[in-house]
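Worksheet for the structure shown next.
The values are calculated or read from the model by the stated rules, or taken from the named source; none is laboratory data. Worth saying up front: this structure is predicted, and the values here are computed from it rather than measured. Cβ: placed from backbone, ideal geometry, glycine included. Neighbour counts: every protein chain shown. Side chains included, ligands, DNA and RNA excluded: accessible areas come from the protein's heavy atoms. Shrake-Rupley method; radii C 1.70, N 1.55, O 1.52, S 1.80 Å.
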Amino acid sequence: MADGRSELELALAEAGGPDAPRDTSARLRRLLDAELGRGARELGEKRTGYATPIAVAVAAGEDVVAALPISPELRADPGAVTERAAALAAAVVEHLVEGASPGPAGSPDDLRLRLGQLDGMLALAYPTADATEAAEYAFEALNAEFEEKRIDRLRARAHLLPGHVLEEVSDLRPPIGPTHPLRVAEAVTRLGGSPLDDETVEALEPQLLRLLEPSGQVSRAHEDPDPTRRVARRILQRLDGMGKWGGYHTAFDHLARGFAGHERALAYEVGEALLAAGLLEQKPSVGQRHVYLSPRRSGDIRRLIDEGELPQGLRLPSTSG
């Protein structure tokens, strides 16, 4: 396994790192674009960054900003990226938010993450009182994260760039949807957890639902008089509240968590029915069964969670004697 440094890393060091003068901006931007393009290609392969670690760029501007080797389509469609890319984006959100130190979020309006693009790649921005300090923190924390290798089959390296290299980040807007996975990643971080730790995310589920879900939606799902429909709505609501869409998934065995003993077997049966109907999809690339909400069926999923409306093709198990 090689441990080489990219041309971007060498040129950045030669130019003075984050203090590199503006007349180096065009060259550093060109090298960054090349590295992000390489990273995007390698994120689709079985292993990523094993010859030379792929790049994530961090910089201080008006906000703390980052550029990732990921399609900006992720802002609207969590299914537009691979599992490894999804985890990488969540890790960057976690450490940008930590560096910005916004404190806990009290309402959906308190969530501040914005997503945009830089030369066709995903960019993130987060407001902070001290962007320089936040960028330095995110740079160090991300490289520590990458050293820990919490993201399977990924070698990556964060680079702290001058703000002028990333100043053309554009089209910054919030993630689309109240429970977009990166919105959930911000919320989890601000509640003191890590979006890469499923156990922590599940432990924070009640707080996440209160923070992210419209008032009254939780109680409607729990109060459904039909037992199998109630289980289906609660399963979908939990996955939605934890941002388990597209490349963000959880173990099938976790679907029964939170149910009393007599309902656990029913929860697994309902999970199989949701899979058969295409509301859930299964991740084929992991040994243990993992599932996620299908972005293609988001309308049906929302109507079932909110109103109890069963979509065509969903056959829930019977509980009659």
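If I model a spin label at Leu172 and Ala276 as a point 7 Å from the Cα along the Cα→Cβ vector, what separation in nanometres do I get?
Between Leu172 and Ala276, the simple spin-label model gives 4.9 nm.
Using only alpha carbon pairs under 8 Å that are at least six residues apart, calculate the relative contact order of the chain and give it in whole percent. Write out the running numbers ahead of the final one.
Details: 586 pairs, mean separation 55.5, N = 321.
Across the chain, relative contact order equals 17 percent.
Leaving out ligands, DNA and RNA, what percent of the accessible area of segment 5-162 is carbon and sulfur, probe 1.4 Å?
Working: 3040 of 6640 Å².
C and S fraction of accessible area: 46 percent.
If r is the Cβ-Cβ distance from Ser101 to Ala34 and R0 is 41 Å, what FRET efficiency results, to the nearest 0.05? Mind showing how you got there, number by number?
Numbers: r = 33 Å, r/R0 = 0.81.
The formula returns an efficiency of 0.80 here.
In segment 28-76, what trypsin sites (Lys or Arg not before Pro) fall in a loop by DSSP, with at most 12 other Cβ atoms inside 10 Å?
Working: sites: Arg29, Arg30, Arg38, Arg41, Lys46, Arg47, Arg75; in loops: Lys46, Arg47.
Within segment 28-76, the qualifying trypsin sites (Lys or Arg not before Pro) (loop, at most 12 other Cβ atoms within 10 Å) are Lys46.
What Kirkwood hydrodynamic radius, in Å, does segment 193-305 give when the mean of 1/r is taken over all pairs of distinct Cα atoms and then inverted? Walk me through the numbers before you get to the answer.
Working: mean 1/r = 0.0705 Å⁻¹.
Evaluated on segment 193-305, it is 14.2 Å.
Rounded to whole Å and sorted largest first, list the principal axis extents of the Cα atoms in the chain.
Answer, in whole Å and largest first: 76, 41, 30 Å.
Between Glu199 and Glu133, with labels modelled 7 Å along Cα→Cβ, what's the label distance in nm to one decimal, could you check?
3.3
From a point 7 Å beyond the Cα of Arg150 in the direction of its Cβ, which residues of segment 72-98 have a backbone N at a distance under 20 Å?
82-98
If you average 1/r over every pair of different alpha-carbon atoms in segment 1-83 and take one over that average, what Kirkwood value in Å do you get? Please list the in-between numbers first.
On the way: mean 1/r = 0.0710 Å⁻¹.
That comes to 14.1 Å for segment 1-83.
Take the alpha carbon atoms of segment 51-167, find their radius of gyration, then divide it by 2.2 N^0.38 Å using N residues; give the quotient.
Details: Rg = 13.5 Å, N = 117, 2.2 N^0.38 = 13.4 Å.
Against the empirical 2.2 N^0.38 Å value, I get 1.00 for segment 51-167.
For helix 83-100, report the angle its Cα long axis makes with the longest principal axis of the Cα atoms of the chain; keep it between 0 and 90° and round to the nearest 10°.
70
With springs only between Cα atoms under 10 Å apart, run a GNM on the chain and tell me which of Ala51, Ala185, Ala87 wobbles the most.
Maximum among the listed residues: Ala51.
Taking every DSSP beta bridge that has both residues in the chain, what percent is antiparallel when rounded to the nearest 5? Walk me through the intermediate numbers first.
Numbers: 21 of 29 bridges.
Taking every DSSP beta bridge with both residues in the chain, the antiparallel ones total about 70 percent.
Give me the Kirkwood hydrodynamic radius of segment 84-143, using the inverse of the mean 1/r over all pairs of distinct Cα atoms, in Å to one decimal.
Working: mean 1/r = 0.0815 Å⁻¹.
Mean inverse Cα-Cα distance, inverted, gives 12.3 Å.
Roughly how many nanometres apart are two label points built 7 Å out from the Cα toward the Cβ at Asp226 and Arg41?
Once both label points are built, they end up 5.1 nm from each other.
With the other protein chains left in place, how much accessible area per residue, in square angstrom, belongs to segment 176-259 at a 1.4 angstrom probe?
On the way: 2750 Å² over 84 residues.
Value returned for segment 176-259: 33 Å² of accessible area per residue.
In whole percent, what relative contact order does segment 120-241 give with Cα contacts below 8 Å and a gap of six or more residues? Mind showing how you got there, number by number?
Working: 67 pairs, mean separation 19.9, N = 122.
Relative contact order here is 16 percent.
Counting only C-alpha contacts under 8 Å and six or more residues apart, can you give the relative contact order of segment 75-148 as a whole percent?
On the way: 56 pairs, mean separation 26.0, N = 74.
Contact order relative to length: 35 percent.
Please work out the C-alpha center-to-center distance from segment 263-278 to segment 1-60 and express it in whole Å.
Distance between centres, Cα-based: 45 Å.
Can you check what the net charge comes to around Glu186, using other residues whose Cβ is under 10 Å from the Cβ of Glu186 (Lys, Arg +1; Asp, Glu -1)? Numbers along the way, then the final one.
On the way: positive: Arg112, Arg183, Arg190; negative: Glu94, Asp110.
That works out to +1.
Counting each DSSP H run of 4 or more residues in the chain as -39500 (n - 2.57), what helix-only mean residue ellipticity at 222 nm follows after dividing by all residues, to the nearest 500 deg cm²/dmol? Before the final figure, lay out the partial values.
On the way: 11 runs with 134 residues, N = 321.
The per-residue figure over the chain is -13000 deg cm²/dmol.
Excluding the sites themselves, what is the longest stretch of the chain that contains no GluC sites (Glu not before Pro) in a DSSP loop with at most 13 other C-beta atoms within 10 Å?
Looking at the chain, 63-167 is the longest stretch - no exposed GluC sites (Glu not before Pro) with at most 13 other Cβ atoms within 10 Å.
Quick one: with all protein chains in place, what share of the accessible area of segment 185-257 is carbon or sulfur, to the nearest percent (1.4 Å probe)?
48
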